[in-house]
1. What's the number of the only condition in (1) in contact (Cβ under 8 Å) with a residue 60 or more places away in the chain; (2) within 20 Å of residue 95 (Cβ to Cβ); (3) more than 10 Å from the chain's Cα centre (by Cα) that residue 33 fails to meet?
2. Residue check, residue 65 against (1) free of Cβ contacts under 8 Å to residues at least 24 places away in the same chain; (2) more than 16 Å from the chain's Cα centre (by Cα), all met but one. Which one?
3. Given the conditions (1) modelled with pLDDT of 95 or more; (2) within 13 Å of the chain's Cα centre (by Cα); (3) not in a loop (DSSP other than H, G, I, E, B), report the number of the one that residue 23 does not fulfil.
4. Looking at 28, 52, which one is out of contact with any strand residue (DSSP E or B) (no Cβ under 9 Å at 6 or more places or on another chain), in a loop (DSSP other than H, G, I, E, B) and at pLDDT 95 or above?
5. For the stretch 83-141, which positions are assigned to a helix (DSSP H, G or I), modelled with pLDDT of 95 or more and more than 19 Å from residue 3 (Cα to Cα)?
């Protein structure tokens, strides 16, 4: 399980294709604005929810296994008890990371994913961690715990 700054920064820098499982098409849901943030920061977001045909202008797939392109990360906006099948799906499609959102912590899924060679992140938000580690939150006065006097070059602002 990864929760140190260097590992999270590496995962977010290397994983550019993210399947967001449990995404909502409602703009006020956390999954929606997290996915929108990722798209705006250059990530390829693939929505996964059987209830929708499209979310954020992207084709929405009913399951991780239905996605026709390679996936780097499976980002899970689901309840803790729903994560084990998602870990199995992430392994089946060859994903590199299983990311469980804030409030989600399925240790059985972590053990299964890590045994299969996937990295895992638990109880963290991709959007918050990206902003914290790549400089987006510090400009708003939020204490990110990452100290630097230099403005990151990869930020568009």
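The values are calculated or read from the model by the stated rules, or taken from the named source; none is laboratory data. The structure displayed is predicted, hence computed values, not measured ones. Reconstructed Cβ throughout: ideal geometry from the backbone, glycine too, with neighbour counts over all protein chains shown.
1. Here residue 33 meets the rest and fails (2).
2. (1)
3. (3)
4. Sole residue among the options that is out of contact with any strand residue (DSSP E or B) (no Cβ under 9 Å at 6 or more places or on another chain), in a loop (DSSP other than H, G, I, E, B) and at pLDDT 95 or above: 52.
5. 84, 85, 86, 88, 89, 90, 91, 92, 93
To keep it simple, each residue is scored yes or no on (1) closer than 22 Å to residue 111 by Cα; (2) surrounded by fewer than 17 Cβ atoms within 10 Å (Cβ to Cβ).
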{"position": "11", "(1), (2)": "yes, no"}
{"position": "60", "(1), (2)": "no, no"}
{"position": "76", "(1), (2)": "yes, no"}
{"position": "84", "(1), (2)": "yes, yes"}
{"position": "91", "(1), (2)": "yes, no"}
